[in-house]
Structures are given as structure tokens and as C-alpha cells.
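Please read the structure below before turning to the comments.
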Amino acid sequence: MSDEDEIICHCYGVSKKVIVDAIQGYNLQTVDQVKKLTDACSGCGTCRFEVGELIKEYGNMKPKPTVPQMNIYRPNSPFKAKVLSTKVLSVADGCETKHIVLDISNAEFPFIEGQSLGVVPPGSNEKGKSHKLRLYSIASPRGGEDTIEDSVAICVKRLIYEDEGKGEVQGVCSSFLCSLDVGDELNITGPVGHSFILPDDDNANVILIATGTGIAPFRGFWRHLFLNKERSKTFKGHVYLYFGVPYSNSIYYKEEMEELRSVEESTDQFHLNVAVSREEKTASGDKKYVYHLIEEQKEMVWDLLMKPNTYMYFCGLKGMEVGVEKVFSEMAKTKDVDWEAFYRKMKKEDKRCHVEVY
Ligand code: FAD
Ligand code: NAP
């Protein structure tokens, strides 16, 4: 049997030749376009994946952007996205956190890792005005989710808090998002953000510091660096991820991160450290936070910071950066470095440190 006779879609017996001819003949760019023309890929995920790979190989793909594009969709002209899938990543203290994948196949939504999207929740506030949009970090790489091209994922925690007088209150947008089902539609805007993005340098060291759902953009980062067909071949740098969560069941994407360490491209390049604040204590009996992880490895991290090709990113809870900065400013004293000046230059001039905390 020749390579061209190879059956790609076993459900419908469609050969590789038929699929490649369709991709090349009609300049097809998505799996769904192939499906319409060839009957291939009507059912199983394996087939979708194979067809996606053939599109990458034989198709004249729309070039994915390397510089961030912004605000193609705005609150007064949002894109109506459809929910493709939802997955509960964890439930802690009555709040669930979900991974939500959205279909953007009919949109021009050329995002890259580290950008965010806006969600305009339906309905109006107590004053009768439409709800304002909320931002969510994009949790997928530019190519979308594994077998679902033209998709974008977010990682959302349902906000629940006690309000004096009102009792338990749920956040407007996060509870709207966490209640969505497959097939539901929602208005999105964006993409947003131009600086919280990966360096082009293939030898860069990348230090990622996250708390809670602040892990979202970093999932896009690691998937781009280690699972993207092209970038994974050229990226030779190291990724150091420090992740702080309240409970061990809130280590979002744990399995994915563990699996990643067995992917050839990431072997020895992906370094994961987790602090579980409500289950682990430091030697002095304090809750273990991300900055304790950095403190434990401070000599190594300090040496990295001194290298001009090291980039540091904070994402998550407001204030989380303070503990880490304190570790470095203490280190600086022992190294005779003016930390204030060094850090200012690192952020402003060299653009090697990016903080996105809310
Ligand atoms: P709202 O209804 O807007 O309620 C929030 C308000 O509730 C607060 O302003 C405060 O007044 C009040 N409140 C909150 N907590 C308490 C409390 N404990 N006690 C009393 N009052 C309180 N979130 C994610 O889950 N995932 C992400 O990836 C993500 N990415 C973001 C990226 C950016 C750039 C930004 C700016 C924010 C991001 N957020 C993310 C947060 C998100 O935008 C929303 O703020 C969050 O989901 C809450 O919105 P909500 O509409 O549910 O809450
Ligand atoms: P979470 O699950 O509550 O986890 C936060 C973790 O950080 C907990 O373990 C918490 O410990 C710990 N922590 C508390 N204070 C800290 C400090 N000073 N330094 C280091 N760690 C500290 O988090 P979450 O509810 O998802 O909240 C994440 C926040 O990130 C939200 O406010 C969200 O809006 C924001 N966010 C921003 C972006 C962005 O800007 N791009 C993206 C995603 C999320 P204890 O609770 O045990 O004390």
C-alpha cells in the first residue's frame, strides 16, 4: 500500500490522498472544511488530529501572528462564541474552577499566548446598565486546543464571597461562565494585551510565577514552547514554573504538566515547583507560598536573573509579587547590587519582567 492510500479516516474509509487533494485543491484551512468536502473526520478525535496534521503539512495556512493583534472585537461589536467543551479542574471551598473551550472558527481572532479576552456577561446591573466586560487570560496556545483548531480556552474560578447585608454573593461574570454548557453562546472581545508575551529568543530562560488561576497564560506558554510543532524544535531554553495554590486538588493542569515532563522536547527544560498554602508549611511554620519556593532556590534563580536572556512573569493574586521581590532585594544586598535600579531597568528598559496581577 502506498503512502497515499493510507486510510486516515477509519470511520468513513477516507484515504490520505483524498484529504491532501482537497486541502491543496481548495486551499482548505480547517478540519471542518475538510470534513464538509470529503466526509472525513466525522467522528473520532484521532481522525481530527490526523487531518489537522495534514493541513499543517500541506495546507497554505493563514500565518499565525507573532506580534500581538488587539481589540478586533470590542464591547459594542463582540464576537458570539460557542462553548465547545467545559471541564471542572477543581472544586475548593464551594468554588469550582473550569477550563472552558470556545469555538472561534467563524472569527478573525488571531491571539497569541499571554493575551486575554473579554467576556461581556448578559443582563444588567442594579442601576439597569449593561454589565461591563471582564478580562480572562487565554489559556491555550495560538494554534488552539489540541484537536480543535480555531478554538480558545480560558480558566475561570467562580467567585463567591460574603457581602454584609446580602449574604453569599456570586461574581456576575465568573458564575455566568462557570454555568455555561456545551453549545451555549457568549459575547467575547479582544484579543487584549501586548506585553505579557514570550520572547522570540530560543535560548531564553523563562521564570513563571503563578497563583491560582494565574496559571492560565502559562499553560499557553508551555504548550507553545514544548508542543508547538515548529517552536518546540527550536526552543532550547528553560522554563521554571513556580505555582502557588491553596489545596493540592487545586493544582490546575497537574496531569498535563506531569505529562509534559515526559515529552521529549521538554525533557530537562521544564522545571515545576508547587506550594500548597493550606497543606504545606515552611520550616518556621508559615503557610507555604510561591515566594518560599523561590527562596529555596534563590542562588539558582538569582544567577538566572543576572543573565540578559532571562524573562520573568508574575500572574495571579495582587500582592503575590511582593514576597518574591523581597527575596531578591535581600539577595541583592549580599551581592552588592542596587536592586531598585536593576529591577527598574529589567522591567522598563529590558522588558524582561512582566507583572499581571489583579
Ligand atoms: P464581580 O461580580 O465583578 O465581583 C467582583 C467584585 O466583588 C470585586 O470587585 C469586589 O468588589 C467584590 N469582591 C470580590 N471578592 C470579595 C470578597 N472576598 N469580599 C467582598 N467583596 C468581594 N479570573 C479568572 O478566573 N481567570 C483568569 O484567567 C482571569 N484573568 C484575568 C486577566 C486580567 C488581565 C484581569 C484584569 C482579570 C482576570 N481575571 C481572571 C479576573 C476576572 O476578570 C474577574 O474579575 C473575576 O472573574 C470576577 O468577576 P465577576 O464578574 O465574577 O465578579
Ligand atoms: P487561589 O486559588 O485563591 O490561589 C491563590 C494562592 O495564593 C493561595 O494559595 C493563597 O494562599 C496564595 N496567596 C495568598 N496571598 C499570597 C501572597 N501574598 N503571596 C503569594 N501567595 C499568596 O487564587 P484565585 O482565587 O484563582 O485568585 C487568583 C487571582 O488572580 C484572582 O484575583 C484573579 O482575578 C487573578 N488573575 C489574574 C490574571 C491576570 O492578571 N492575567 C489571570 C488569572 C487570574 P491562601 O489563600 O491559603 O492564603
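What the table shows:
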read-out: Members of segment 148-162 that are modelled with pLDDT under 95 and either of a type in the set (A, V, I, L, M) or open to solvent by less than 50 Å² (accessible area, probe 1.4 Å) (or both); value: Ile148, Glu149, Asp150
read-out: Positions within segment 127-180 being assigned to a loop (DSSP other than H, G, I, E, B) and near ligand 1 (Cβ under 6 Å from one of its atoms), in sequence order; value: Leu159, Gly171
read-out: Hey, Arg158 closer than 30 Å to Met312 by Cα, more than 15 Å from ligand 2 (Cβ to nearest atom) and not polar (S, T, N, Q) or not; value: no
read-out: Given (1) touching a Leu at 6+ places or on another chain (Cβ under 7 Å); (2) of a type outside the set (S, T, N, Q); (3) within 12 Å of ligand 2 (Cβ to nearest atom), number of the condition Ile148 does not satisfy; value: (3)
read-out: Cross-chain or 6+ apart pairs with Cβ under 9 Å, segment 338-358 first and touching a residue at least 12 places away in the same chain (Cβ under 8 Å) and closer than 18 Å to Cys315 by Cα, then among the acidic types (Asp, Glu) and within 16 Å of ligand 1 (Cβ to nearest atom); value: Val355/Glu321; Val357/Glu321
read-out: Residue in segment 50-62 that is of a type in the set (A, V, I, L, M), in contact with a Gly (Cβ under 8 Å, 6 or more places away or on another chain) and touching a residue at least 24 places away in the same chain (Cβ under 8 Å) present; value: no
read-out: Selection from segment 258-279 of residues that are open to solvent by less than 30 Å² (accessible area, probe 1.4 Å), among the aliphatic types (A, V, I, L, M) and within 16 Å of ligand 2 (Cβ to nearest atom); value: Ala275, Val276
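The values are calculated or read from the model by the stated rules, or taken from the named source; none is laboratory data. These figures come from a predicted structure and were not determined experimentally. Note that we place each Cβ from the backbone using ideal geometry, even for glycine, and neighbour counts take in every protein chain shown. Note: areas computed on protein heavy atoms with side chains; ligands, DNA, RNA excluded. Shrake-Rupley method; radii C 1.70, N 1.55, O 1.52, S 1.80 Å.
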